[in-house]
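Working notes for the structure below.
The values are calculated or read from the model by the stated rules, or taken from the named source; none is laboratory data. As the structure is a prediction and not an experimental result, all values here were calculated from the model. Because the Cβ atoms are built from the backbone with ideal geometry, glycine has one as well, and the counts that use them run over all protein chains shown. What goes into the accessible areas is simple: the full protein's heavy atoms, side chains included, and nothing from ligands, DNA or RNA. Shrake-Rupley method; radii C 1.70, N 1.55, O 1.52, S 1.80 Å.
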Amino acid sequence: MHDTSISRRQVLQGLASASALPFVAALGALHVREASAADGATALVSSPYGPIAPVNDISTGLPLLQLPAGFVYKSYGWRGDPMSDGKPCPGGHDGMGVVLARKAGRSSELVLIRNHEVGATGPGNFLNAPGVYDYGKVSAGSSEVFGGGTTNLVFRDGNWYSMTPSLGGTAGNCAGGITPWGTWLSCEEVGSDALGSAGKKHGYVFEVAADPALTDGSPIIGMGRFAHEAAAVDAATGIVYMTEDSSGKSGFYRYLPDIRPGARGSLAMGGVLQMARIKGVSNANLAKAALHAKLALDWVDIANPDQARGDAIGLNGEAISNAAGPFVQGWRQGALRMNRGEGIWYADGKMFVMDTSGGSVARGAIWQLDLATQTLTCIYSSPAPVVGNMGDNLTVSPRQAILICEDASTAATDSFGFGQRLMGLTGQGDAYIFAKNNVQLSAVQLAVAGKQTYLAGDHRANEFAGACFDPTGRYLFVNIQTPGISLAITGPWANGPL
């Protein structure tokens, strides 16, 4: 791969000082730091919101999070809590988005859709939703079923209101993305060609409606069959960009729908799947992302989005084995690869893409794709676990600042102790600690709070996922995947960039 790095001043040229500007809007106009040994590297800096400390949950009284002073939160939809149909809520809380803001009488109401990253599970845990894809067992000789899917959450006037199953019979619903027309794209992170007992494949994207009754459980086959992670829609064109989480062989894709700008159900009516390629560089490997690297993209067509896994030799002569069918087709045409594509979010004409094990020390990198110019720029690259520890899902707030959910196999230990973190980015591209997972619960504590006692344990090493803001920026919603908790956080956001 050619040396495409450029200087900090070239990437961040523009206004002499833009520290008060929103992060995304200011990316082309950030001030250059004073020259120092750290110049040109992402650094860990003090949070503009101040230090964090344990804060009790308003709903249960349990100290689930460490947060800055002034911030409060309410938990809801724990694993095992009864849903609207009386069945227990599944676990594996992962990707999530606010798909609808509406009035309900005199009340203001939000609808969120939440993924459940569950694979094989016992029949009693089947998500019997209005939209079910696969009623079969995970294999012909198994007693287990596909336990993944989605639940729709209603948040009314600052309080959690209801939880309803919407999609079931899917596998490993990891992340996904909201659409401009008010639906959720739920992505199966499945890289296997194995068939369930009903003869159905997995590894698809499903569209979920704000009204659970309108979800039919049909896969959008044209968007590809691979280990999907997340999706984001370009609001100007209706084109959907997607990441793949397959270590060392993760493509970066987009889907050009036949019907644009789009509406519920339109993505399934046809389109073209493409995989990204770096102009002038065959089979570029973006894993060792260098801060400020700048790359021009073009795209190659994927003729068969449903192709089975296989081997491929790239135009550069590099062989890749046992990769997803779409990746195989793109690799043979010189397409690029990331290390592990994870979160993606659209904001202000740009896509923000997380490579969770990218960067110089494989602890995470963020690429900004300018949709107008189709140029990728590396805006964040962690130099050490304490600075950034394998970010996964990410979001951009209404005030245009980036927040990262960490998901490292070994959680970071910093000045606030051990645990996975929510990390914000400053206007200068440095990282700060906004929150930490503080879930350490005994069976007695859970029983008093009315929660399932089997959730007891130290869960501080478990990931944050599904971070998203409501359209006004008043509430941040986020999940802790295990034991399975959804949280609504609010506080003095104006004290910092979020």
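Miscellaneous remarks
- Expressed as a whole percent, the accessible area of the chain that falls on carbon and sulfur atoms is 52 (1.4 Å probe).
- Between residue 161 and residue 109, the contour length at 0.36 nm per residue exceeds the Cα-Cα span by 17.8 nm.
- Ranked by the mean number of other Cβ atoms within 10 Å of their residues, highest first, the peptides 476-484, 364-372 come out as 476-484, 364-372.
- Cα gyration tensor category, rounded, prolate or oblate, for the range 201-340 with a/c compared to 1.5: prolate
- Angstrom value of the Kirkwood radius, inverse mean 1/r, which spans all Cα pairs in the chain: 22.6
- Rounded if a/c under 1.5, otherwise prolate or oblate - the range 64-120, Cα gyration tensor axes: oblate
- Rounded, prolate or oblate (a/c below 1.5 giving rounded, otherwise prolate when a/b exceeds b/c) for the range 443-498 by Cα gyration tensor: prolate
- The chain: relative contact order in percent, alpha carbon pairs under 8 Å with at least 6 residues between: 16
- Its DSSP H runs of at least 4 residues, each contributing -39,500 (n - 2.57), put the calculated 222 nm mean residue ellipticity of the chain at -1000 deg cm²/dmol, to the nearest 500.
- Summed over the residues of the chain and divided among them, the accessible surface reaches 35 Å² per residue at a probe radius of 1.4 Å.
- When each of 249/279; 201/279; 294/436 is checked by Cα-Cα distance, pairs over 29 Å: 201/279; 294/436
- Eligible aspartates and glutamates near residue 103 by straight Cα distance, threshold 15 Å, same-chain separation 8 or greater: 157, 211, 470
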